[in-house]
Amino acid sequence: MEWKQALRRRLTACTDSKKSEQERKDEEMELFTKYYMEWKGGRKNVNTSYMNIPRFYYRLPAEDEVLLQKLREESRAVFLQRKSRELLDNEELQNLWFLLDKHQTPPVIGEEAMINYENFLKVGEKAGPKCKQFFTAKVFAKLLHNDPYGRISIMQFFNYVMRKVWLHQTRIGLSLYDVAGQGYLRESDLENYILELIPTLPQLDGLEKSFYSFYVCTAVRKFFFFLDPLRTGKIKIQDILACSFLDDLLELRDEELSKESQETNWFSAPSALRVYGQYLNLDKDHNGMLSKEELSRYGTGTLTNIFLDRFFQECLTYDGEMDYKTYLDFVLALENRKEPAALQYIFKLLDIENKGYLNVFSLNYFFRAIQEQMKIHGQEPVSFQDVKDEVFDMVKPKDPYKISLQDLINSSQGDTVTSILIDLNGFWTYENREVLVASDNDSVPELEDT
């Protein structure tokens with residue numbers, strides 16, 4: 001029988017030699033893994049949770065999946081209601097203030113009521129579960145300043161709690177308008193939010209309902225101009241809460257808001273009417289749109305033609321004319337030239353070669369229009385070389401031959417540089433800055449004498 005076994009072994013060896021290279025490698029790896037795991041002590045204690053990977057992506061319902069959309073809306077509404085119930089109400093806030101006042105820590109210095117960490121924890125225990133998140137060592141340390149007894153101001157802590165509650169309330173309110181449920185608002189979502197907010201703002205009581213749509217457009221543009229620089233058409237709710245615009249808007253709840261505050265608040269009725277009134281005054285042919293010629297009369301009427309040409313080349317227009325929404329972006333950019341978003345907007349217009357930087361050619365291209373305007377007004381044109389040197393000295397760019405957007409922002413001179421290049425009045429103001437300062441100083445004694 002030995003010859004039979006020898007024959008079988010020979011046949012087996014022949015079969016093995018016919019295996020492909022890949023098959024032999026796989027077999028080798030399988031054997032290696034088997035022997036290695038036996039050497040390591042087997043796989044008895046290995047965590048096998050990776051075999052059941054939890055689902056992390058849930059597809060949004062399509063437009064025709066009405067039932068799924070309704071289910072999603074209802075579940076989000078229930079979730080937001082639950083979150084709303086977790087917030088402190090007015091009665092609970094009053095009770096918190098009473099407890100804090102009751103646990104003041106002496107000695108009294110000035111009129112400020114103080115509390116130490118021991119009493120702080122006592123109040124936290126009595127205030128209830130909703131307040132637990134505020135009574136932590138981290139919060140206490142944040143509010144601890146230079147008190148020699150290691151105490152914090154009761155008023156500062158209470159204001160901190162009030163601010164946190166307000167932020168959560170506002171986030172829940174904004175989330176109700178988040179149709180997609182993804183943590184951001186589209187333009188239409190924010191428009192609906194502000195439209196429904198108008199009746200709750202006493203400072204807007206005088207607005208006619210026919211003006212509501214224009215007011216909403218004016219208000220929404222500021223949010224999107226500054227918070228959506230890439231023009232994606234949506235803004236994160238977190239970004240809305242982090243900026244000061246919502247504070248400015250809700251400031252209109254104050255019935256006794258001063259006239260000065262209203263004039264400086266973009267969202268006030270006088271400000272919105274001013275901007276819309278300027279648009280109507282510029283629209284000489286009353287077609288609801290602005291041509292380049294009509295826009296040239298904006299402000300002091302000294303913006304250069306080259307800059308206006310660039311604006312109409314780069315920005316959204318309809319048959320060569322701009323609508324109110326595009327006009328609002330234009331106004332926000334020119335009225336806020338110190339802001340990075342406004343500088344980015346203007347920089348895009350100045351960057352005629354789309355290289356991401358301004359060079360001597362770009363500066364000369366725009367400044368020639370300033371020189372031409374000076375000739376028209378009977379002024380002696382200023383040498384471009386002098387202006388170029390001053391601009392580079394002001395900005396101090398990393399590359400001595402190129403000015404990037406970041407260079408402009410870092411220099412804090414972006415508003416001055418852009419004014420020099422696009423507006424004759426802005427250039428004249430810069431050129432005569434020393435004379436203007438001297439005349440202001442001379443006028444002070446005269447005012448004091450009177």
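Observations on the model:
- Close pairs (7 angstrom Cβ cut-off, 6 or more residues apart or separate chains): assigned to a loop (DSSP other than H, G, I, E, B) in region 355-378, buried (at least 17 other Cβ atoms within 10 Å of the Cβ) anywhere: GLY356/SER404
- Restricting LEU241, LEU257, LEU249, LEU230 to residues that are open to solvent by 70 Å² or more (accessible area, probe 1.4 Å) and not polar (S, T, N, Q) narrows the list to LEU230.
- Pairs linking a residue in region 186-210 that is among the aromatic types (Phe, Trp, Tyr) to a residue that is open to solvent by less than 70 Å² (accessible area, probe 1.4 Å), with Cβ atoms under 6 Å and 6 or more positions apart or on different chains, are TYR193/TYR177.
- In this entry, LEU197 passes the filter for residues that are within 17 Å of LEU241 (Cβ to Cβ), part of a helix (DSSP H, G or I), open to solvent by less than 30 Å² (accessible area, probe 1.4 Å) and not polar (S, T, N, Q).
- Listed by first and then second residue, the pairs with beta-carbon distance under 6 Å, at least 6 apart or on different chains, first residue in region 78-98 and in contact (Cβ under 8 Å) with a residue 12 or more places away in the chain, second surrounded by 11 or more Cβ atoms within 10 Å (Cβ to Cβ) and of a type in the set (S, T, N, Q), are LEU80/SER175.
- Options GLN156, GLN104; residue that is part of a loop (DSSP other than H, G, I, E, B) and surrounded by 12 or more Cβ atoms within 10 Å (Cβ to Cβ): GLN104
- The number of residues in region 273-306 being of a type in the set (D, E, K, R), surrounded by fewer than 16 Cβ atoms within 10 Å (Cβ to Cβ) and not in a helix (DSSP H, G or I) comes to 3.
- Residues satisfying the stated conditions in region 307-324, i.e. surrounded by 13 or more Cβ atoms within 10 Å (Cβ to Cβ) and free of Cβ contacts under 8 Å to residues at least 12 places away in the same chain: THR317
- Beta carbons closer than 6 Å, at least 6 apart along the sequence or on distinct chains, pair a first residue in region 161-181 that is at positive phi with a second that is at pLDDT below 95 for GLY181/ARG76.
- When we screen LYS138, LYS70, LYS130, LYS126 for residues that are more than 36 Å from the chain's Cα centre (by Cα) and part of a helix (DSSP H, G or I), the only hit is LYS126.
- Pairs with Cβ under 9 Å, 6+ apart, first in region 394-405 and touching a residue at least 40 places away in the same chain (Cβ under 8 Å) and of a type in the set (A, V, I, L, M), second assigned to a loop (DSSP other than H, G, I, E, B) and crowded, with 18+ Cβ neighbours inside 10 Å: ILE403/PRO397; LEU405/ASP351
The values are calculated or read from the model by the stated rules, or taken from the named source; none is laboratory data. Here the structure is a predicted model, which is why all the values come from computation and not from measurement. Here the Cβ is made from the backbone with ideal geometry for all residues, glycine too, and neighbour counts use every protein chain on show. Note: areas computed on protein heavy atoms with side chains; ligands, DNA, RNA excluded. Shrake-Rupley method; radii C 1.70, N 1.55, O 1.52, S 1.80 Å.
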